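*Asks:* Below is a structure I'd like to ask you about.
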Amino acid sequence: MNETKKYIASLLDKNNFSVTGKNANLFEAFIGEEENVQGVKTIQEIQKGIMDNWKIMARVNDILNTQIIIPNATVNKRYEASIDLLKTGMNDIVLTKFENLEIYGLEYDNNSETIKGTPTQSGDFKISFKFRIEGESESAELHVKLISLIINADPKSLWKTIPSTQTSDNYWKPDAAEDFQQLGTKHIVVASKRGRSHANVGSFRDDDYAFKYFENTGWSVVCVADGAGSAILSREGSRLACQSVVDFFAANFTPEALVDFDATLLKHHNNLSDETSKAISLFVYNNLSKAAFKAHTTLKEFSNKLEQPLKEFHSTLIFALYKKYDFGYAVLSFGVGDCPIGLINKELTEIKLMNWLDVGEFGGGTRFITMPEIFSSDKFTTRFGFKLVADFSYLMLMTDGIYDPKFVVEANLEKIEKWREFLADLGGNNEEKTAVTFTPDNTEIARQLSTWMDFWSPGNHDDRTLAIIF
């Protein structure tokens, strides 16, 4: 009754009707009438309803004008973004749904309040976020808020693949090459692929490789070279460098020339001494340096023949030789440039980096087999490697197109855990889930390695060459 009395008294006062002693009894009778009591009650309920509606409308308007930002997505890359309503102060939203997310390859999980999926198309889209807030009827129409969703294109799709042009005089080579063979007592799988930066403009693969098993001596040689991208004929420089090394050992690693070395290795195995160590170092230096110099002179003679500057044939060069003896494997190596040679023991517990790289402060920058100064440098004798092991699991030679994205820095090349990660990557632990199965009976191994080498690494689009002896 007090609410009715207050309301009617206020109403009368606003309309210039005063309640005095004369009409006090009349007023009491008036506010006691059921019709007036119900009328005031109805008016108050209507007013409350109006206020509630206003609060809802104002709140909805606040939500519609509050920016909701979700992370950008990328085509073909798994996406998950949380719509944190509590964090954005929208915890009074009681029902949410998104419309047509499936056309972008996405869906909304109401329980976790996340948008997830793998986007299928790129663009700048407006997605419909529908909601209802506390206090609204369950039958009320849902409000619609547009949220910006940017889906970036798959970076891989932005690269073109333009075949290189083959003519009779441009020293063309296939844009990709691969091979798998038995190589002495081991097997070799090797793949070489033109980088995306070259494929995008239709230029050539500058990397190359060569290998050979010499049945008359039991030695095998494997070469890998990376032609400089700035040198217009480096693709031929890398090919000639590798082939000239193989030719050198074919001509000079004869049974007669190796008799003393074989005896020295046996003596060294039975009784390691300074004498045998020096004899081995001298043999490795004399023979591998001649092979390296043969590659240099071959390129120099060819550049003279074409009347082209030698620098146009710039190429790095690494090579390794190995042979199985009754007492183990002898592994010899040489390297110039920024391409590593890694020897991993049988138990996968040790890594021997068989060469240092011409990078950073130590190397002073990339060097090429075409540079005559490398042969007169006081560091030339350190370019050779030798290791005598009972056995090994992998001997790997790679160009920087593999080394840069997979090892990142030179220091990682001497960490066995990084090589284990690399082997796991080759085994399928990668974003693309591509795997290489290292068994001699795997006839698909070369194709698998070539496919694996298509991995995506932002900023790393050089030629890629990887030779693995196992």
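The values are calculated or read from the model by the stated rules, or taken from the named source; none is laboratory data. Keep in mind the model is a prediction, meaning the values are calculated, not measured. Positions of Cβ are backbone-derived with ideal geometry, glycine not excepted, and every protein chain shown enters the neighbour counts.
*Asks:* When you scan region 252-273, how many residues do you find that are touching a residue at least 12 places away in the same chain (Cβ under 8 Å) and in a loop (DSSP other than H, G, I, E, B)?
*Replies:* Residues meeting the conditions: 2.
*Asks:* Would you check if Asn72 is polar (S, T, N, Q), at pLDDT below 90 and surrounded by 12 or more Cβ atoms within 10 Å (Cβ to Cβ)?
*Replies:* Working: polar (S, T, N, Q): yes; at pLDDT below 90: no; surrounded by 12 or more Cβ atoms within 10 Å (Cβ to Cβ): yes.
Criteria not met by Asn72.
*Asks:* Something else: Could you tell me which numbered condition Ala295 fails, if it satisfies all but one of (1) in contact with a strand residue (DSSP E or B) (Cβ under 8 Å, 6 or more places away or on another chain); (2) at pLDDT below 95?
*Replies:* Just one mismatch for Ala295, condition (2).
*Asks:* Another question, then. Those residues that are of a type outside the set (Val, Ile, Thr) and touching a strand residue (DSSP E or B) at 6+ places or on another chain (Cβ under 7 Å), I need them from region 87-99; list them, please. Spell out how you get there, then give the answer.
*Replies:* Going residue by residue through region 87-99, those that are of a type outside the set (Val, Ile, Thr) are 87, 89-92, 95, 97-99.
The answer is Asp92, Leu95, Lys97, Phe98, Glu99.
*Asks:* Name the single residue, out of those in region 1-32 being small (Gly, Ala, Ser) and assigned to a loop (DSSP other than H, G, I, E, B), that is surrounded by the fewest Cβ atoms within 10 Å (Cβ to Cβ). Lay out the reasoning, then the answer.
*Replies:* Kept after step one, since they are small (Gly, Ala, Ser), are these residues of region 1-32: 9-10, 18, 21, 24, 29, 32.
Add one more test, that the residue is assigned to a loop (DSSP other than H, G, I, E, B), and what stays is 18, 21.
On the way: Ser18: 10, Gly21: 6.
The qualifying residue surrounded by the fewest Cβ atoms within 10 Å (Cβ to Cβ) is Gly21.
*Asks:* For region 204-227, what are the residues that are surrounded by fewer than 21 Cβ atoms within 10 Å (Cβ to Cβ) and among the hydrophobic types (A, V, I, L, M, F, W, C)?
*Replies:* Answer for region 204-227, where residues must be surrounded by fewer than 21 Cβ atoms within 10 Å (Cβ to Cβ) and among the hydrophobic types (A, V, I, L, M, F, W, C): Phe214, Trp219.
*Asks:* Among the listed residues Lys352, Lys406, which satisfies the condition of being under 27 Å from the mean Cα position of the chain (by Cα), closer than 22 Å to Leu266 by Cα and of a type outside the set (A, V, I, L, M, F, W, C)? Quick ask: steps written out before the conclusion?
*Replies:* Details: Lys406 fails: closer than 22 Å to Leu266 by Cα.
Result of the check over Lys352, Lys406: Lys352.
*Asks:* When the residues of region 119-137 are narrowed to those that are exposed (fewer than 14 other Cβ atoms within 10 Å of the Cβ) and acidic (Asp, Glu), which ends up nearest to Leu158 (Cα to Cα)?
*Replies:* Asp124
*Asks:* Please work out which residue is nearest to the chain's Cα centre (by Cα), limiting yourself to region 138-174 and to residues that are among the charged types (D, E, K, R) and either exposed (fewer than 13 other Cβ atoms within 10 Å of the Cβ) or within 30 Å of Glu312 (Cα to Cα) (or both). Break it down into steps so the answer makes sense when it comes.
*Replies:* Initially, region 138-174 is screened for residues among the charged types (D, E, K, R), giving 138, 141, 145, 154, 156, 160, 169, 173.
From the residues that got through so far, the ones that are either exposed (fewer than 13 other Cβ atoms within 10 Å of the Cβ) or within 30 Å of Glu312 (Cα to Cα) (or both) too are 138, 141, 156, 160, 169, 173.
On the way: Glu138: 49, Glu141: 47, Lys156: 11, Lys160: 19, Asp169: 37, Lys173: 27 Å.
Filtering region 138-174 for residues that are among the charged types (D, E, K, R) and either exposed (fewer than 13 other Cβ atoms within 10 Å of the Cβ) or within 30 Å of Glu312 (Cα to Cα) (or both), the one nearest to the chain's Cα centre (by Cα) comes out as Lys156.
*Asks:* Answer yes or no as to whether Lys145 is of a type in the set (Lys, Arg), touching a residue at least 40 places away in the same chain (Cβ under 8 Å) and more than 18 Å from Glu80 (Cβ to Cβ).
*Replies:* Values: of a type in the set (Lys, Arg): yes; touching a residue at least 40 places away in the same chain (Cβ under 8 Å): yes; more than 18 Å from Glu80 (Cβ to Cβ): yes.
Yes, satisfied.
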